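Please read the structure below before turning to the comments.
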Amino acid sequence: MRDFACPKCGQRLTFENSRCLGCGSGLGFDPEARSFAVLTDEGVRVDGPAAARCANVDVAACNWLAPADRRSGLCASCALTRTRPADADLHALPAFAEAEAAKRRLVLELAELGLPMRGRDVDPATGLCFDLLSSGHERVITGHADGVVTLDLAEGDDVHREQLRVSMAEPYRTLLGHFRHEVGHYYFTVLAAGGAGRARFEELFGDPDADYQAALDRHYQQGPPPGWQETYVSAYATMHPAEDWAETFAHYLHIRDTLDTAAAFGLAPAGATLATALAGEVGFRRIIELWLPLAWSLNMVNRSMGHPDLYPFVLPPAALDKMGLVHQLVAEAGEVGGPRQ
């Protein structure tokens with residue numbers, strides 16, 4: 001994540017700001033320019049391409065701009081949400097706003113990497129979209145199917161999420177982590193389901209068409225196999241090749257975004273940013289060379305504050321080989337998507 005500044009007075013901003021605390025200007029984030037713009041009192045952009053605040057400014061506290069010619073009035077991130085709680089569902093709406101905030105961070109990183117995001121409006125059958133649902137009204141299973149990412153909004157509740165994390169013996173569980181994992185399933189179909197990507201996938205991850213239900217039952221009955229730490233990025237990754245890919249993809253996004261943020265604030269070299277061309281095996285080795293000491297230092301900082309490790313994972317060589325394939329396929333797709341602005 002970049003280090004943002006108010007275009008009017010230079011005051012430092014967070015990615016979530018909608019108003020400058022320095023000069024008091026109303027602000028909107030322009031996902032195309034990947035920077036903030038000053039707005040009028042009516043929420044219309046002062047300079048640049050015609051745009052206005054996203055229609056979800058109130059219901060989801062969205063601070064992104066939507067193009068003036070978009071009939072829905074929704075920004076690029078909110079437009080990807082297919083289902084959300086009703087306006088009258090006052091219990092679920094705060095969780096919905098929190099989920100959308102995490103999703104905006106995800107969408108920006110995907111755009112920074114140049115990854116294609118074909119929505120349901122372009123590809124009605126398998127385009128990317130999000131169903132953000134409350135399990136307070138129905139049973140909701142977080143997951144992915146044919147481009148649809150479903151998220152249980154209860155994951156936004158700290159107590160609920162921590163109870164699940166402990167019960168499932170997970171070292172890490174966040175809304176953003178869920179989004180990164182589930183979107184990884186979508187990008188398997190985009191990056192690795194066919195052609196040369198499929199062959200490289202099977203060599204490292206295994207058969208993606210293996211019986212999923214049987215793998216699921218085996219995982220929850222027997223747990224991960226002995227010695228899994230030598231081959232996988234997480235215990236959950238051992239369940240099925242599809243989950244191994246999604247977990248590895250999520251960790252790749254964790255690492256790239258954290259390095260990008262560290263570089264923006266002078267905690268890592270400028271070459272760690274998402275703007276830097278790091279294609280191929282050499283580029284991936286450079287990412288890991290930058291990541292390992294940073295992760296170690298951040299873990300030590302967390303311990304100094306009495307918190308658990310920020311990145312409580314070990315990356316064995318076999319998991320790095322898999323992540324290297326994710327990097328290669330992402331870089332190849334990014335070349336088509338265009339450079340970061």
Restricting attention to the range 13-51, which residues are within 19 Å of Ala101 (Cα to Cα), outside any loop (DSSP other than H, G, I, E, B) and without any contact (Cβ under 8 Å) to a residue 24 or more places away in the chain?
-> Leu13, Arg19, Gly26
Say we look at the range 296-332 and pick out the residues that are in contact with a Gly (Cβ under 9 Å, 6 or more places away or on another chain) and surrounded by fewer than 18 Cβ atoms within 10 Å (Cβ to Cβ); which of these is nearest to Phe249 (Cα to Cα)?
-> Ala331
For strands (runs of 3 or more DSSP E) lying entirely in the range 108-159, having 3 or more residues that are surrounded by 18 or more Cβ atoms within 10 Å (Cβ to Cβ) and among the small types (Gly, Ala, Ser) picks out none
Read through the list (1) out of contact with any Phe, Trp or Tyr (no Cβ under 8 Å at 6 or more places or on another chain); (2) outside any helix (DSSP H, G or I); (3) not charged (D, E, K, R), then give the number of the only condition that Leu290 fails.
-> (2)
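Sort through Pro316, Pro269, Pro312 and tell me the only one that's modelled with pLDDT under 95, under 29 Å from His144 (Cβ atoms) and outside the structural domain of Leu176 (by the TED database).
On the way: Pro316 fails: modelled with pLDDT under 95; Pro269 fails: under 29 Å from His144 (Cβ atoms).
Being modelled with pLDDT under 95, under 29 Å from His144 (Cβ atoms) and outside the structural domain of Leu176 (by the TED database) holds for just one of Pro316, Pro269, Pro312, which is Pro312.
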Looking at the range 233-252, which of the residues that are among the aliphatic types (A, V, I, L, M) and out of contact with any Pro (no Cβ under 6 Å at 6 or more places or on another chain) is nearest to Leu110 (Cα to Cα)?
-> Ala250
Only one of Leu108, Leu132, Leu65 is in contact with an Asp or Glu (Cβ under 7 Å, 6 or more places away or on another chain) and outside the structural domain of Ala272 (by the TED database); which?
-> Leu65
Tally, over the range 183-234, of residues that are assigned to a helix (DSSP H, G or I), β-branched (Val, Ile, Thr) and under 27 Å from Tyr311 (Cβ atoms) = 2
Would you mention how many residues in the range 237-277 are surrounded by fewer than 19 Cβ atoms within 10 Å (Cβ to Cβ) and either of a type in the set (Ser, Thr, Tyr) or more than 18 Å from the chain's Cα centre (by Cα) (or both)?
-> 10
Can you name the residue in the range 200-230 that is closer than 22 Å to Met323 by Cα and charged (D, E, K, R) and is also surrounded by the fewest Cβ atoms within 10 Å (Cβ to Cβ) among such residues?
-> Asp209
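The values are calculated or read from the model by the stated rules, or taken from the named source; none is laboratory data. As the structure is a computational prediction, the values presented were derived from the model and not from experiment. All Cβ positions, even for glycine, are placed from backbone atoms using ideal geometry, and neighbour counts span all protein chains on display.
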